[in-house]
Amino acid sequence: MHTHTGAYIYIHIYTYISERERERERERRGRIFRRDRERVDARDEVERNIMGFWGTTFAFCVLEGACAAYINATGIRGANHLKHLLSVTAVVCMWMMWAIIYMAQMHPLVQPVMNKGE
């Protein structure tokens, strides 16, 4: 019975040491993963900003296509030049206003100033 107890203690200590080593390895990997995750998060944010801009620009192009299709479907053949000009002008102006506001939020010119009491 005593020999089994010694073997059991040896296995238990070996298991405990292995668990500690595994825990240290997890912590080390966690630090590496956190660092890599921060890099990936920053890169994803840049890609989201770019895709947000280009995705919405594409949506405005689709809106213009829908306006052109509606004008062609409902108007007199050949007499829609003014309607097309007005719809293109309206969509371009809406897109420019959106783009200016979007870019102003990405790179603000005015930074907040903190008072010493705050």
Give just the number: which of (1) out of contact with any helix residue (DSSP H, G or I) (no Cβ under 7 Å at 6 or more places or on another chain); (2) outside any loop (DSSP other than H, G, I, E, B); (3) closer than 29 Å to residue 54 by Cβ does residue 111 not satisfy?
(2)
Log entry, pairs with first residue in region 91-118 being more than 12 Å from residue 56 (Cβ to Cβ), second being modelled with pLDDT of 90 or more, beta carbons closer than 9 Å, six or more apart or on different chains, reads 91/60; 91/61; 91/63; 91/64; 91/67; 92/60; 92/64
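The values are calculated or read from the model by the stated rules, or taken from the named source; none is laboratory data. Keep in mind that what you see is a predicted model, and the values were worked out from it rather than measured. For neighbour counting, all protein chains shown are included, and Cβ atoms are generated from backbone atoms with ideal geometry for every residue, glycine included.
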